[in-house]
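Visitor: One structure, pasted below without further comment.
The values are calculated or read from the model by the stated rules, or taken from the named source; none is laboratory data. Just so we're clear, the structure is a prediction, and the values are computed from it rather than from any experiment. Note that we place each Cβ from the backbone using ideal geometry, even for glycine, and neighbour counts take in every protein chain shown.
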Amino acid sequence: MGLLVVDSLSKRFKDLQVLDQLSFEVEEGSVFGFIGKNGSGKTTTMKIITGLLKAEGGQVYIKGRKVEFGETPTNHLLGYLPDVPEFYSFMNAYEYLSFCGRVTGMNSTDIDRKATELIALVGLQDSAKRRIRGYSRGMKQRLGIAQALVHDPVLLICDEPTSALDPQGRSEILAILSQVRERTTVLFSTHILADVERICDTVGVLNDGKIVLGGNLERIKSTHRRDTIALTLDGVSLAGLDTLATELRALPFVERLSLQGMAMLVDVKSVQEDGQQLLAQLVEKRLTLLSYQVIEPTLENLYLDVIA
Amino acid sequence: MNGFSAFLSKELLQALRSMRFLIVVAAFLILGLMNAPLAKFTPQILELAGVGEMLEGLIPPTPVAFDAWAQFFSNIAQMGILAILLLCGPMLSWEKSKGTLVLPLTKGLGRMSVVLIKFIVMTLLWTLGLLVASLVSWGCTLVLFPGETVEYLALGIFLLWLLGVFLLALVPLSSVLFRGSMSGLILPGAVLFIFLIALAFPNLISWNPLLLGQNSVLLLIGAAETGDFLAPSLVAGITAIVTLVAALISFRKAAL
């Protein structure tokens, strides 16, 4: 059983079925990328997991304990960073972290140690004694991660933590989340696929209220690998490339061939075996190869394929 | 009641840093200061303004301490309660609509703690304000009307306090039931309006909690008896308890 189990969750807002029997699991120690376009139901799911919203059907379990709507004991197990975290702006970062620590029942020695450690982790040492009302968006996100980790939660839930940030802010947050993976399991929602590829090991793609693609990212990529070879040749004109393409398409092991500028993309049955034959053909035609590259599937390709 | 003391400390710090304490003290200081001098010097002021003769018979020629306290009860029952409602009304609804409760609640802060502490701090601010105004008014009356006393002053002030607590107890439920940063004022406003209209119905009047503000001054000159305030006090007290319990129950299952 996963650390987080979402089982057949349904939620409707008026005429819109946002979640439709949504099920997925997040394993302990993983960084789970929860992917979906804007409005796909990622925030709704996270609010149900944190007990802030009521589901019409289904259950959520954290570490085997059922999440209740409203006040739920499972909240002690998780740290939550909403997409736009709102703090008590009359406090400074240190005071806010101390407040969060006290809410979770920590003693003052632990609070002091943890607040100092987390402020350093998120790089807010120079602003820790400044009131939060003067913080930039990026600083608030960093404080958001710190507050979510103050009580060493078993599960950290981050709702689009990088979406509203500039490239530098995004990079900083991703670096912090990469460090955090050592301490806790992370559920991280986003529509920025590059961020997922950078830090997540497992993914779930949410579309039409369901997970349409999910599992270990490397395994998904390998399952969906299409054995495509990209070739560029020296001294061949555009017309010559067309002729060559027609000749190569006739070969039995070539499944599909397309031209992208001066590059030739060849889909074969097996890169290992058919790649050799393809190279042999080119040598036979006395063509000079400039590049030969096996194309890996990107998450973006896979995402576009499954939501199409 | 997880996080009760943490949230209470936060509320007190917020009241201090957002100047809520200071505003309450300043506003009620002014309300307390103006009664005795106004009562004492109104005849002279009217005389100077040249309308003294026109109002002859309406304004007592020789004011007494009771006039100062009548002014006090009228000011606090109207402006004082309005000020405290405007200041405290948004305390929970603003947090709810802005989303500042999401982080502590998802850390396990008890929802009952939130409702109870908001009510406690609102009551604390009201008590502080009333205390400041009463003490200042008492001091001014002592100086301007030396040797004069009034009866049942403490009971009259207590009844005013009860009226304020009754209206403040409606704030949490209002904040939970309605949306918007000022939604905490909807229910107290509506209840105030209903009871104001109810004052027009003679057979209901003896139960109307607004008597606690309007009529408690009559105790001071013996024009009303303590027993007259039992029924409105019961209505105010029971309504306050019921609405607070309703707020506690409904906030436990409120979507945020």
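Visitor: A:THR232 - would you say it is polar (S, T, N, Q) and modelled with pLDDT of 85 or more? Walk me through how you get there before you give the answer.
Guide: Values: polar (S, T, N, Q): yes; modelled with pLDDT of 85 or more: yes.
Judged against the criteria, A:THR232 is a match.
Visitor: Now for a separate question. Take the residues of segment A:251-292 that are out of contact with any helix residue (DSSP H, G or I) (no Cβ under 8 Å at 6 or more places or on another chain) and assigned to a loop (DSSP other than H, G, I, E, B): which is farthest from A:ARG225 (Cα to Cα)?
Guide: First, pick out the residues of segment A:251-292 that are out of contact with any helix residue (DSSP H, G or I) (no Cβ under 8 Å at 6 or more places or on another chain): A:252, A:255-256, A:258, A:260-261, A:263, A:265, A:267, A:269-277, A:279-280, A:282-284, A:286, A:288, A:290-291.
Now narrow it down to the ones that are assigned to a loop (DSSP other than H, G, I, E, B): A:252, A:261, A:269-270, A:286.
Details: A:PRO252: 20, A:GLY261: 23, A:LYS269: 11, A:SER270: 10, A:ARG286: 30 Å.
Checking each candidate, the answer is A:ARG286.
Visitor: Find all pairs meeting these conditions: Cβ atoms under 6 angstrom apart; at least six residues apart or on different chains; first residue within segment A:18-30 and farther than 17 Å from A:GLU56 by Cα; second residue of a type in the set (Asp, Glu).
Guide: What qualifies is A:SER30/A:ASP201.
Visitor: In segment A:137-193, what count of residues is obtained for those that are of a type in the set (D, E, K, R) and either assigned to a helix (DSSP H, G or I) or more than 20 Å from B:LYS107 (Cα to Cα) (or both)? Steps first, please.
Guide: Initially, segment A:137-193 is screened for residues of a type in the set (D, E, K, R), giving A:137, A:140, A:142, A:152, A:159-160, A:166, A:170, A:172, A:181-183.
Then keep just the ones that are either assigned to a helix (DSSP H, G or I) or more than 20 Å from B:LYS107 (Cα to Cα) (or both); that gives A:137, A:140, A:142, A:166, A:170, A:172, A:182.
Residues meeting the conditions: 7.
Visitor: Let me ask something else. Scan segment B:243-256 and report the pairs whose first residue is facing chain A (nearest Cβ under 8 Å) and whose second residue is assigned to a loop (DSSP other than H, G, I, E, B), with Cβ atoms within less than 6 Å and a gap of 6+ or a chain change.
Guide: Between residues of segment B:243-256 that are facing chain A (nearest Cβ under 8 Å) and residues that are assigned to a loop (DSSP other than H, G, I, E, B), the close pairs are B:ARG252/A:GLY70; B:ARG252/A:GLU71; B:LYS253/A:GLY70; B:ALA255/A:LEU53; B:LEU256/A:LEU52.
Visitor: Can you say whether B:SER206 is surrounded by fewer than 18 Cβ atoms within 10 Å (Cβ to Cβ), of a type in the set (Ser, Thr, Tyr) and under 30 Å from A:ILE49 (Cβ atoms), as far as the supplied structure shows?
Guide: Values: surrounded by fewer than 18 Cβ atoms within 10 Å (Cβ to Cβ): yes; of a type in the set (Ser, Thr, Tyr): yes; under 30 Å from A:ILE49 (Cβ atoms): no.
Spelling it out, it is not the case that B:SER206 is surrounded by fewer than 18 Cβ atoms within 10 Å (Cβ to Cβ), of a type in the set (Ser, Thr, Tyr) and under 30 Å from A:ILE49 (Cβ atoms).
Visitor: Ok, one more. Look at A:ALA120 and say whether it is more than 10 Å from chain B (Cβ to nearest Cβ), surrounded by fewer than 18 Cβ atoms within 10 Å (Cβ to Cβ), more than 29 Å from A:VAL5 (Cα to Cα) and among the hydrophobic types (A, V, I, L, M, F, W, C). Give the steps one after another, and end with the answer.
Guide: On the way: more than 10 Å from chain B (Cβ to nearest Cβ): yes; surrounded by fewer than 18 Cβ atoms within 10 Å (Cβ to Cβ): yes; more than 29 Å from A:VAL5 (Cα to Cα): yes; among the hydrophobic types (A, V, I, L, M, F, W, C): yes.
Yes; evaluated as a whole, the condition is true for this residue.
Visitor: Counting only residues that are within 18 Å of the chain's Cα centre (by Cα) and surrounded by fewer than 21 Cβ atoms within 10 Å (Cβ to Cβ), which one in segment B:211-223 is nearest to B:VAL115 (Cα to Cα)?
Guide: Step one: list which residues in segment B:211-223 are within 18 Å of the chain's Cα centre (by Cα), which gives B:211-217.
Subset that is surrounded by fewer than 21 Cβ atoms within 10 Å (Cβ to Cβ): B:214-215.
Numbers: B:GLN214: 29, B:ASN215: 31 Å.
In this case the residue turns out to be B:GLN214.
Visitor: I would also like to ask the following. Name the residue that is nearest to the chain's Cα centre (by Cα), counting only residues in segment A:1-34 that are farther than 19 Å from A:GLU197 by Cβ and polar (S, T, N, Q).
Guide: Here the residue is A:SER23.
Visitor: So if I check each of A:GLN141, A:GLN147, A:GLN125, which one is farther than 17 Å from A:VAL180 by Cα and not hydroxyl-bearing (Ser, Thr, Tyr)? Before the answer, list the steps.
Guide: On the way: A:GLN141 fails: farther than 17 Å from A:VAL180 by Cα; A:GLN147 fails: farther than 17 Å from A:VAL180 by Cα.
The unique qualifying residue is A:GLN125.
Visitor: Check segment A:90-111 and report whether any residue there is more than 25 Å from B:LEU12 (Cα to Cα), in contact with a strand residue (DSSP E or B) (Cβ under 8 Å, 6 or more places away or on another chain), in a loop (DSSP other than H, G, I, E, B) and at pLDDT 90 or above.
Guide: Residues of segment A:90-111 that are more than 25 Å from B:LEU12 (Cα to Cα), as a first pass: none.
Taking every residue of segment A:90-111 in turn, none turns out to be more than 25 Å from B:LEU12 (Cα to Cα), in contact with a strand residue (DSSP E or B) (Cβ under 8 Å, 6 or more places away or on another chain), in a loop (DSSP other than H, G, I, E, B) and at pLDDT 90 or above.
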